[in-house]
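Visitor: Shown below is the structure under consideration.
No lab work stands behind these numbers, since they all come straight from the coordinates. The structure displayed is predicted, hence computed values, not measured ones. Because the Cβ atoms are built from the backbone with ideal geometry, glycine has one as well, and the counts that use them run over all protein chains shown.
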């Protein structure tokens, strides 16, 4: 039997992807300019910084259309805190149209001090009324300080306003409106806070909390971190377009999640596909474990067989030789990463569905387990040892002692494992019977599938090569020529792996998803992982 190294050399004996390069190519990965990518700002909002976050947007609207804070907040809540929608409405309908559409009442710009209870002034001049009656409780009020007037001009006694505020707050209303029948005006926050504070201090504190929390509950650009137990943070994405909210973020607490659906990060799988995969994977994978580990169907006689030792190239009693990893018949054209519809057609429908899920589930698990082993096992400590060894090598020129390329290659490997594992979850639904496309696009889907699987295959091959190179122990004494060759191979393999990841994302977003009847998007490729949110200063 050939050794692992011999098999490896035979399998990769071609000068694939320009791997064998000149010494001048060292550093190609570092020197190449990356394509510009949109990166929204991500902010983590805590209770302490919540007021600051809200005030930033309130001031923008207050200055834009000359509004008081309570009306600015109502306008933002109506448009789900989307400044682009507010500016769009303002351009198309003007200031008055913007307010009317949101149900906001503002006093006339030249409005003088309103008189309570509709009291008119003598001879056209406003005078303080000596006595008036509240139209709610019908009590006489003689002091102007005992009444309050809202933007709409309606006035009632402070006692009635206070009880109205309390009832509205207890009912959970988003806005506290004027007491006048059918009046849409929103009550001034300062007045609500002042009157509640005099009689119901606890309710005033609840109102303050309600005002702040409305920023989180009605804001499409803010999502609670899904950590459990909850870390107390909400994440805000400062983006100019709603499509930019299809991204993945990392909270300062360390939890990474999809901002669009709040599930754990799952690109390049669209949210709806990931939701189905996650439920199916958790529900059926346990039932399939014994089948996956213990049996394979012989491609010759279709009988289940169990491997009791040795390598993965096994023989069935019927004389058929097969690969135990995939169940396929061995031969020169054997390829392990593609799902073979023709072979599966020999089985009944239920068996075919099980085999199909097993195919994708098995490969999803393999790459997920490989990433966990490479992340939590001995690979990174071994790489750190090589970095320290290289940095202290006296027989190597100072220019070549910089071993940061090893760390970058390691992170490229981890990123490729994530892409590979999730690519099988995507393929399970994208190329299944449930996929809904226009009949005219069926041929395009077949071509795009071929492109996707070719890229998937290339990524798998080069990820394994990179893993092998990084796992190779460096000799105790480093020779500079050997170091340069290792650097060339590692740097360029990392570049190839990163390129294949980007190509797979492009294929999914530009070639495959547009063929679906249901609109779907994926988060952009991030080789360094989801964007990290920063704590917003209080």
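Visitor: Using only Cα atoms, locate the centre of segment 132-152 and the centre of segment 359-373, then give the distance between them in Å, rounded to an integer.
Guide: Each part's Cα centre sits 72 Å from the other's.
Visitor: If you average the alpha carbon positions of segment 247-282 and of segment 388-422, how far apart do those two centres end up, in angstrom?
Guide: 29 Å
Visitor: Using r as the Cβ-Cβ distance of residue 325 and residue 80, and R0 as 45 Å, what FRET efficiency do you calculate, to the nearest 0.05?
Guide: 0.35
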